[in-house]
Every structure is written in structure tokens, then in C-alpha cells.
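Novice: Just passing along the structure, written as C-alpha cells.
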Amino acid sequence: MIIFVMGVCGSGKSTIGDALAQKLNIPFFDGDDFHPQENIDKMSKGEPLNDNDRAGWLAALNAKAKEEKNAIFACSALKETYRTILFEGLTNGHLVYLKGSYELIDKRMKARKNHFMPPGLLDSQFATLEEPTYGIQTSIDQSPDLIIKDIMNQLTADKQEFGLIGLGVMGKSLARNLAGKGFKLALYNRFVKDSEEKVAEKFIEEFDVFNEAKGFEDLKAFVNSLARPRKIFLMVNAGKITDYVIEDLKPLLEEGDIIIDGGNSHFKDTERRIDELAKNGLHFVGSGVSGGEEGALKGPSIMPGGHQEAYEKIAPYLEAIAARDARGNACCTYIGKGGSGHFVKMIHNGIEYAEMQLIAESYALLRYVNGLSPEAISGVFDEWMKAGLSSYLLETSQKLLLKKEGEDFLIDLILDKAGNKGTGSWTTVVMAELGIPATMISSALFARYISSFKDKRTQYTAHFNAETKSGNPINVEALKEAYALARLVNHQQGFELIKRASDEFSWELNLSELARIWTNGCIIRSELMEGLIGQLKEGTDFLLNTPNITAQLGSLREVAVTAITSGVSVPCHLSAVDYLNAHLYNHHTANMIQAQRDFFGAHTYKRVDDPNGPSHHTIWE
Ligand code: 6PG
């Protein structure tokens, strides 16, 4: 935006223009600096400038304004014809008139020293002045702070302060949350004949909280309704749709505007978008948002990453709508550069996959090995919640098991084929690329994949003729301890993966802060997460340190054995126990692997008596 701050000499154009520029973080230019020397000489001699003197000067200011795109200029602009020259060809120009009485300005001018315009010229300034009947007008008979405040208020008076695109389930909840915090919103939803017509307008009518909101299905009108720099939150499907929306928005936006992507986008897509939009001077913030529909409405956990200066401008909005941690702080923090916000959201989802699978496996063991009813299992989970294992996911599982449809438990009516939207598979690819064995996440993902082959499972069941056995019941106390340790391993692996990515991509992520913003609002919030804040703060990334860890390992092994002999698939528990087993002893399998590699491929090996020494190759036959 270009703002010309006008008024007679002594009205404070330079002071106010400069302060306003700092407030808006855009450059300031003093019109006096654009006068040719002849004009300055004339004014110094006390001779008023005529229209000819001014024409070239005004044209020079207009040219500079066109070049800058975002800037503030102090310029007397006394006559309407002068203002016409100043604004010629500008689509984003604003006029701010500093209005003051002759007496007040005369007093100020007389107190001013070392200025090339003698106070005697004030008469001619007032004689020339044609007060504008449009634009922003503010009285200079108040402190500079109040003048700035008044201008800012008027600049944004008819503008919406925050935009949101995409009124699906999450978008609607976030919009209600934002409006509830008092923000003036512009909401946009696309127009699709017969299926999506006037979605934003109709939605606004539904809730009183939207009394200051405006709804749009015309993207240009939506963008124009927003105060600059524009802040636009995208809640649209990740992938191509996000790119299409960005492409449509790009020509409508101006330097400094900010797009926030709140979808589950791949972090590499986010990095690409940041780079592409930076070419147009636009900011892109990739922000994970967790908590589902209810979280979005009542307070999600928010993980924004990208340029920090862009984050600072949107922080008041995001932090206001985020959930609160136990100390009342927002579960939203600047994550780091580039795609780090979406990266950590992806790992959040990976941890979520394994947490869900562990509960599902505990359920299966209690149901099929111990023969407990859904109601009884709900009771077991309830006990676990009270025994230090409380988490959002265990709580939801405990509740959903009680849901009935007629005589049936609803859980028994749900087809056992698990869906997924991709974040678990992205995490699995990334862990392979980064060389971090977050085996519980990949096991949870593949458990979902196996479940989806329902026909194949039916075929295998008939082929092997092997039923689930309910011989030895699971010791419920051992199952609880096994679950507790497996969760710890899951978090250990997840945070290790984040740490590795942070080092690899130089993101400097603060793991303790991540744990903190994951203590509320998000899907993996838990008592365990609360405890991890302190541990991670101490700089350790070794999280496997509960006092009864040895006994827990015994329980995990016991559960694994019973599950295997009973024929119940528990891939996440098995991954956890195997991950620990693999780390616990020096007698590993890798020497055999190295020997095999060297045998058939001359890949060489190191020797135990010289681990850092040269590589060896053996002629094996
Ligand atoms: C959240 C959730 C949410 C959703 C994921 C996983 O943090 O609010 O993680 O993002 O559950 O999209 O979905 P899938 O299980 O379908 O992969």
C-alpha cells in the first residue's frame, strides 16, 4: 500500500509518516527530499512555490510510489490537482490528511529551528490548501501515538483483519473459534453450482459470533476486503487443491501478504511453496493444526513454520485460538524455518498412528484372548487412565467401547478395514530416508494396510485353519505395563526422528517446546507428554527412564509371547519389544549380515579387534 501523508508545513507529516512506516514495517520517504535544488532555494528565500515548480516534484514522487509498491510519503499535497498527479496510476494509494488550525501550527512553526521554510510561509500554505473531502483525516491536536492509532483504526475500519478459505468441517470450526476471540473475519468458500452456493454467507448467518464477519465466493472481493498485509488461512485439501488455490490467490496479493496453510501438507510441498511465493514477495507459513473438529473449535494445537517475521504478524491470531497448556500458555509456538511446521505435524500423526494401534492391540488381546466384553474393556482402560496412563486417545477409546446400537456394541458393527490419509506413509518414507528406525510408526501403518486386504485375510484364515486361541489369559497388569513401555518407545522413536530432521535440515527445533504444545489441543496429548517437557528441556533425547523399566520390559515380553501363541496380531507391541531387544545386547545379527555382504559382493567389513581401523575383505572360498 502507498500512503501519502499530507498537510501544511508544520503539521507533523515527517514525524507521523515515519512512525506510521515503522508501525506498518514499510519504507518512509520525506517528500522534501525529492524537491529539486531550485525549489529549496526558492523556499529558503521565503518565496512560495508555484504550480510549475511543483509539477515535476509531484511527478517524481508519483514515479517513486509506483516503484516502491509499499511505502509512506510525506508530502504537503495541498491542492486537488497536486493529489491527482500523486495518485496517477496507483491502485493501492491512501491519503492521510493531518488537520490542524492555523494558530496551533503557527505556534509549532515558531518553535521550530533549522528548517528551510520560514514561518512566514504558513499564510500562503493555508491560502493554497484545498482540504480533501475523502481519505483519512485526523486531528493533529493530540499526541503522535494517538494520531497513529487513529490512522490505523481508519485504515482498517472497513477492512476485515483475517481471512479464511475453505469451509469444510475444520475450516468452519476454526472460523467460529477465531470469531469468538473477537477477530473480524472474511470467509471464502468456492462456488459450485447446486452443491456449494453462498456457503460462507449462509454459514455466517447461522452464528451470532459472526456479527462482524463477511462471506464471499468471489476470491478477488475476498482479498480486497482484507487489511494489509493480508493474512489468509487456507483450510483446503492438501496436495493439488492447495496449489490451485495458491495459484488463484497469487495475482491478487501484494508484497508482504501472508498465506497460512493449515492442512496436512507434505513438508516438502511447503518448502517448495515458500520458495515460489517468496519470488513475489509473499510469505507462506506451513502450519500443522491438530485436534480434529472439536479441537479446531475449542482450541487446537498449532505448529506454524516458515519465516519468523511472517509468524510474528499472525501470532496474535493463532495464539489466541490455540489450546492452553497447564500453565495457561498457548499450545502454539513458532516451530522453525521452512517446512518444519508441517514436518512436526507429520510426526505427530505418526506417533498418533502407533498410539492408536497400541490401544487397538490391547483391546484385541482383552477381547479375544481374555474374552472380555467391550464394556469390561472400557473399564480396564478407565483404570489405566487413573493409573498415570491418561491420554486423549485412551479416553476416546474407553468411551467409544460403551457406544451401543440396539443390543449391539457399535464397535462390533464396524468393518475392520482401517483407512488413512497419508501422513503415516510419509513418516515411514522420511524415517527410511533419514535413517531413523521409528519402527512402531511403520508397524502401525502396515497394520492398517494389512487390515485393508479383507478378502485376502478371509482366504488366509480358511487356508491355515488356525483360530485365535484363548488358552492362557493375558495378565491385565502386565498388559498395562507393556502398554506403558511401548508408548515410551513410540515417543522415544518419534522425538528421535524429529531431532534427526532438525539436524539434517538445520531447523534448530526445540523438542521441549514441541512436547509442551502437544500437551493440550492435539490428538496425542497425554500425561506422558506433560512429563516429557522437562526431560527434553534438559537436552536429553533418551526418554526410556521410568523407575520400573526392567519390570516393564518383562511384562512387554510376556505379553508379546502370549499374543504370538494366541494368534493375535500385535505389531506395535512386537516392534517395541524387538526395538528394545535389538538395543539391549551386543550379540547382534549384523556380523552375519556383514559376512554375507562381503562373501557375495566384496562389500568389506570392520573387525571387532579394530573397530575404527581399515576395512577388510576376505576370499571366502
Ligand atoms: C489431528 C489428526 C488429524 C487426522 C489425520 C490422520 O492431529 O487432528 O492427526 O490430522 O486424524 O488426518 O488421518 P488418517 O488416520 O486418516 O491418516
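Novice: Scale the Cα Rg of the stretch 134-202 by the rule-of-thumb value 2.2 N^0.38 Å and send over the ratio, two decimals.
Specialist: Normalised by 2.2 N^0.38 Å, the Cα Rg of the stretch 134-202 equals 1.59.
Novice: Just need the Rg to Rh number for the stretch 2-155, please, alpha carbons only, Kirkwood Rh.
Specialist: Value, to two decimals: 0.93.
Novice: Next question. Measure off, as a whole percent, the carbon and sulfur share of the 1.4 Å-probe accessible area of the chain, all protein chains present.
Specialist: Solvent-exposed carbon and sulfur of the chain make up 52 percent of the total.
Novice: Rg/Rh for the stretch 49-110 to two decimals, with Rh computed the Kirkwood way over all alpha-carbon pairs.
Specialist: Expressed as Rg/Rh, it is 1.03.
Novice: Right, another one. How many Å² of accessible area per residue for the chain, probe 1.4 Å?
Specialist: 48
Novice: Here is a further query. Accessible surface of residue 385 in the full protein assembly, 1.4 angstrom probe, to the nearest 10 Å²?
Specialist: 40
Novice: Now, a different point. For residue 451 and residue 133, compute 0.36 nm times the residue count separating them, minus their Cα-Cα distance, and round to one decimal in nm.
Specialist: 107.4 nm
Novice: What net charge is computed for the residues neighbouring residue 492, neighbours being all others with C-beta under 12 Å from the C-beta of residue 492, Lys and Arg scored +1, Asp and Glu -1?
Specialist: Taking every Cβ under 12 Å from that of residue 492, the sum is 0.
Novice: OK, next. So what does the Cα-only Debye profile of the stretch 183-288 read at q = 0.22 Å⁻¹, as log10 I(q)/I(0), no solvent term?
Specialist: -1.26
Novice: If you count the DSSP beta bridges with both ends in the chain, what percent of them are antiparallel, to the nearest 5?
Specialist: So the antiparallel bridges in the chain amount to around 25 percent.
Novice: Mind grabbing the base-10 log of I(q)/I(0) for the stretch 410-462 at q = 0.13, 0.20 Å⁻¹? Debye formula, identical points on the C-alpha positions, no solvent, two decimal places.
Specialist: Per q value, in the given order, log10 I(q)/I(0) is -0.42, -0.77.
Novice: Sticking with this structure for a sec: What FRET efficiency, computed as 1/(1 + (r/R0)^6) with R0 = 41 Å and r the Cβ-Cβ distance, is obtained for residue 403 and residue 205, rounded to the nearest 0.05?
Specialist: The calculated FRET efficiency here is 0.80.
Novice: Below 10 angstrom from the Cβ of residue 131, what's the summed charge of the other residues (Lys, Arg +1; Asp, Glu -1)?
Specialist: So the surrounding residues net to -1.
Novice: To one decimal place, what Kirkwood hydrodynamic radius in Å is obtained for the stretch 464-580 from all pairs of distinct Cα atoms?
Specialist: Taking the inverse mean of 1/r over all distinct Cα pairs, the stretch 464-580 comes out at 15.8 Å.
Novice: Also: In the stretch 279-347, if every C-alpha pair distance is counted and binned at 5 Å from zero, what percent goes to each bin?
Specialist: All Cα pairs considered, the percentages come to 4, 20, 26, 25, 17, 6, 2, 1, 0.
Novice: Can you send over the solvent-accessible area of residue 527, 1.4 Å probe, protein chains only, in Å² to the nearest 10?
Specialist: Estimated to the nearest 10 Å², residue 527 gives 90 Å².
Novice: Sticking with this structure for a sec: Given 4 °C and 1.567 mPa s, how large is the Stokes-Einstein diffusion coefficient of the stretch 162-338 in µm²/s, with Rh as the Kirkwood radius over Cα pairs?
Specialist: Rounded, D is 81 µm²/s.
Novice: Using a Förster distance of 22 angstrom, determine the FRET efficiency expected from the C-beta separation of residue 395 and residue 466, and round it to 0.05.
Specialist: That gives a FRET efficiency of 0.05.
Novice: Which value in nm describes the separation of the simple spin-label points at residue 196 and residue 432, placed 7 Å from the Cα toward the beta carbon?
Specialist: Output for this residue pair reads 3.4 nm.
Novice: Which length gain, in nm to one decimal place, applies between residue 268 and residue 603 when the Cα-Cα distance is subtracted from 0.36 nm times their residue separation?
Specialist: 117.3 nm
Novice: As a test of reading the structure, rank 427, 565 by solvent-accessible area (1.4 Å probe, protein chains only), most first.
Specialist: Greatest to least solvent exposure: 565, 427.
Novice: In nanometres, what is the gap between the two model label sites at residue 141 and residue 44, each 7 Å from Cα along Cα-to-Cβ?
Specialist: 3.6
Novice: For the full complex of protein chains and a 1.4 angstrom probe, list 461, 138 by accessible area with the highest value first.
Specialist: In descending accessible area the options line up as 461, 138.
Novice: How big is the Kirkwood radius of the stretch 1-89, worked out from every pair of different alpha carbons and given in Å to one decimal?
Specialist: 13.2
Novice: Moving on to the next point. Which FRET efficiency value, to the nearest 0.05, do you get for residue 81 and residue 181 by plugging their Cβ-Cβ distance into 1/(1 + (r/R0)^6) with R0 = 41 Å?
Specialist: 0.35
Novice: At 7 Å along the Cα-to-beta-carbon direction for both residue 412 and residue 320, put a label point, then send me their distance in nm to one decimal.
Specialist: A separation of 5.1 nm, rounded to one decimal place.
Novice: Taking the alpha-carbon distance from residue 268 and a cut-off under 18 Å, which aspartates and glutamates remain once sequence neighbours fewer than 8 residues away in the same chain are dropped?
Specialist: 243, 247, 276, 433, 503, 504, 508
Novice: Related question: In the stretch 1-39, which residues have a backbone nitrogen under 19 Å from the label point lying 7 Å from residue 101's Cα in the Cα-to-Cβ direction?
Specialist: Under cut-off, by backbone N: 8-12.
Novice: To one decimal place, what orientation-averaged projected area in nm² is obtained for the convex hull of the Cα set of the chain?
Specialist: Result: a mean projected hull area of 40.8 nm².
Novice: Further, regarding this structure: Using the eigenvalues of the Cα gyration tensor, what equivalent ellipsoid semi-axes result for the stretch 345-577 when each is taken as the square root of five times the eigenvalue, whole Å, largest first?
Specialist: Here the semi-axes work out to 30, 20, 17 Å.
Novice: Subtracting the Cα-Cα distance from 0.36 nm times the residue separation, let me have the gained length for residue 585 to residue 169 in nm, one decimal.
Specialist: Using 0.36 nm per residue and subtracting the Cα-Cα distance, I get 144.8 nm.
Novice: In the neighborhood of residue 17, defined by Cβ-to-Cβ distances under 13 Å, what is the net charge if each Lys or Arg adds +1 and each Asp or Glu adds -1?
Specialist: -2
The values are calculated or read from the model by the stated rules, or taken from the named source; none is laboratory data. Note that the structure is a prediction, hence the values are computed from the model and not measured. No Cβ is skipped: glycine too gets one built from the backbone with ideal geometry, and neighbour counts run over all protein chains shown. To get the accessible areas, we keep the full protein, side chains included, count just its heavy atoms, and leave off ligands, DNA and RNA. Shrake-Rupley method; radii C 1.70, N 1.55, O 1.52, S 1.80 Å.
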